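First the structure, in the form of structure tokens, and then the observations on it.
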Amino acid sequence: KLFGYGTSKSSADSDGPSSLTGVETIERLCDRLQSSLLIEDRHDALKTIKSLSKKYKLEVGTQAMHVLIDVIRQNTTDPELISLSLDTLSNIMNPSEGDTGSLLPADLCTQFTEMFIKDQANLTLLFDLLDEFEFQVRWSSVKLINQLVVNQSEQLEEKVLQIPRGVSRLIDLLNDSREIIRNDAILILNKLTQTNANIQKIIAFESGFDRVMEIIEGEGSVLDGGVIVEDCFNLLLNLLQKNYSNQSFFKEANYIKKICRYFELSGSEDAATNWTQQKTTNLSLLLRLIQCLVAPNNQQQIINDCQRAYNHFGLLHRLCVLLTWPGVPADLLSQAICTVGEVIRGNAANQQLFSSVMMQSTPPRPIITILLLSMINEKQPFHLRSSILYSFECFLYKNEEKKAQVIDTLLPKETSNLSDINTGQILCTGLFAPNDFVSNWLCAVALAHTISNSNSLKEQLLRVQLAINSHDKIQAVSLLQQCMNILSESSNNSINYQFQSKISIIMLISTWLSNCPAAVTAFLSNEQNIPYIEN
């Protein structure tokens, strides 16, 4: 007998396994699988081939692949034979299964994958098996498809489109109540949708958004969900990024309204304080999903429509609330701030809502004030401070009224409450903060952005006076002149501004003087400024 099974002994079969090479063993097993009339013999032969397929990938792949495909095609009523054949094919195409050996080609599994998918009939046969509800057949089919996609995703994308209802069958797997099948289907769709716009559209218009979002909610949503929620968000991102047709459909079908539910805390008191790695990852992907619809490089009409929808369905308000949650990791908070920035960028109504949000402090202050205070705090990480600058620029983008309000906070007032902290004070504090070139740079860029392309605001900024302590005396100096004083005299002062600080101030002055005769006149009126330019 060969490996303990068979019918009668023969001189060829009497040799034990130890006397046969791997090639001979696989050859005999394939012959028995094809010729035996006993179903038990065929099952045993196939089980042995499967057990050897991890160690003898080359032998099984070269001798048994066509036999295995024939077994699947000719035994449609035998689930066990089909499942064993599919699992064996998966083993020889999976580089992580067994040791292929140092003498074998490194891309052996990929070569076997190419051999299999070269014949379109093989893929059609495999996808036909997805219609079988029997667990072992469907599960083995899904595993093999997943391995094919992992090895040759680009080739599979086009070939799947040629299979009748190919993509539709994969979408149907999302409705399978057996999670192990459903979860692998999500992984397959993730791979196939990374670059192929046609597959992305098919999934979107065959209720793919609905099913994926149902899975997210069923798995605990953003705050309580696990890796399956992460995979679902990656799939949604693949369907939406740079696919304007899907983005329009997503907006028109009111899926944005459903996103709002993902920010609910589900009644848990510590839902917004216990920041696990998985929760942070899930929320980060949700922010990317929100951001991809309003990114500046997107189509302007889609940006405008989605910004309005974010406001209408309360998503912008929820994003602002997210900024107030305690203990949010710095990386996630930076991403949330940038997301808020792009949601309000160039939209006056959204910018107004953002400016009206108050933080629960003593006394309560506008959220923009709290953010700017964090921006000039040298203890905060740089990526957080730079994200605040970006959101501030978005807050002012295409909003001359808000820009004028910022400059107005810098102008002298007849009466003022010294305890109030306003935007202008914060920017000036950061602009001239000693030994903190990051604050100098951030505030210089913020002010430059505020006055850019507006002569009226540049002229207003000339009226700003600073109280400077010089030789134990308080002197009034214009903002423009103080900037020049730092550039030309810092080396002689007790406070030494760094090179980066000087560059940031030059950036501000250059923007200020550009196409503004009044600013140029004010600059040239002080003869001390001329030598600095000449040098």
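The values are calculated or read from the model by the stated rules, or taken from the named source; none is laboratory data. Values in this document were obtained by computation on a predicted structure and should not be read as measured data. Ideal geometry is used to build each Cβ from the backbone, glycine not excepted, and the neighbour counts take in all protein chains shown. Calculation scope for accessible area: heavy atoms of the full protein, side chains included, ligands and nucleic acids excluded. Shrake-Rupley method; radii C 1.70, N 1.55, O 1.52, S 1.80 Å.
Pairing each residue of the stretch 509-525 that is more than 15 Å from ALA448 (Cβ to Cβ) and in contact (Cβ under 8 Å) with a residue 24 or more places away in the chain with any residue that is assigned to a loop (DSSP other than H, G, I, E, B) and open to solvent by less than 50 Å² (accessible area, probe 1.4 Å), provided the two are 6+ apart or on different chains, yields C-beta distances under 7 Å for ALA518/LEU462; ALA522/LEU462. Checking each residue in the stretch 369-415 for being surrounded by 14 or more Cβ atoms within 10 Å (Cβ to Cβ) and among the charged types (D, E, K, R) picks out ARG385, GLU393, LYS402, LYS403, ASP408. Cβ-Cβ contacts under 9 Å between residues 6 or more apart (or on different chains), taken from a first residue in the stretch 184-208 that is of a type in the set (Ser, Thr, Tyr) to a second residue that is crowded, with 20+ Cβ neighbours inside 10 Å and modelled with pLDDT of 95 or more, are listed as THR193/ILE199; THR193/GLN200; THR193/ILE203; THR193/LEU235; THR193/ASN238; THR193/LEU239; THR195/ASN238. Quick check: anything in the stretch 405-421 part of a helix (DSSP H, G or I) and among the hydrophobic types (A, V, I, L, M, F, W, C)? Yes - at least one qualifying residue is present in the stretch 405-421.
Give the stretch 361-400 a look and list any residue that's assigned to a helix (DSSP H, G or I) and over 21 Å from LEU457 (Cβ atoms), or say none. Selection gives ILE367, ILE370, LEU371, LEU373, SER374, PHE382, HIS383, LEU384, ARG385, SER386, SER387, ILE388.
Are any of the residues in the stretch 321-328 in a loop (DSSP other than H, G, I, E, B), modelled with pLDDT of 95 or more and out of contact with any Leu (no Cβ under 7 Å at 6 or more places or on another chain)? No: zero hits.
When you go through (1) under 27 Å from VAL406 (Cβ atoms); (2) surrounded by 18 or more Cβ atoms within 10 Å (Cβ to Cβ) one by one for ALA348, which number turns out not to apply? Evaluating ALA348 over (1) under 27 Å from VAL406 (Cβ atoms); (2) surrounded by 18 or more Cβ atoms within 10 Å (Cβ to Cβ) leaves (2) as the failure.
Of all residues in the stretch 209-254, those being open to solvent by 10 Å² or more (accessible area, probe 1.4 Å) and part of a helix (DSSP H, G or I) number 20. Where helices (runs of 4 or more DSSP H) fall wholly inside the stretch 439-527, the ranges with 1 or more residues that are of a type in the set (Asp, Glu) and modelled with pLDDT under 95 are 479-489. Would you confirm whether or not the stretch 222-240 contains a residue that is modelled with pLDDT of 95 or more, closer than 26 Å to CYS338 by Cα and among the charged types (D, E, K, R)? Scanning the stretch 222-240 turns up at least one residue that is modelled with pLDDT of 95 or more, closer than 26 Å to CYS338 by Cα and among the charged types (D, E, K, R).
Output the residues belonging to the stretch 432-451 that are over 14 Å from ILE506 (Cβ atoms), hydrophobic (A, V, I, L, M, F, W, C) and touching a Phe, Trp or Tyr at 6+ places or on another chain (Cβ under 8 Å). VAL438, ALA446, ILE451 - these are the residues of the stretch 432-451 that are over 14 Å from ILE506 (Cβ atoms), hydrophobic (A, V, I, L, M, F, W, C) and touching a Phe, Trp or Tyr at 6+ places or on another chain (Cβ under 8 Å). Restricting the first member to the stretch 297-323 and to residues that are farther than 16 Å from LYS257 by Cα, and the second to residues that are open to solvent by 30 Å² or more (accessible area, probe 1.4 Å) and assigned to a helix (DSSP H, G or I), the beta-carbon pairs closer than 6 Å and six or more apart or on different chains are GLN299/TYR244. When ASN304 is tested against (1) under 24 Å from the mean Cα position of the chain (by Cα); (2) assigned to a loop (DSSP other than H, G, I, E, B); (3) surrounded by fewer than 16 Cβ atoms within 10 Å (Cβ to Cβ), just one condition goes unmet, and that condition is (2).
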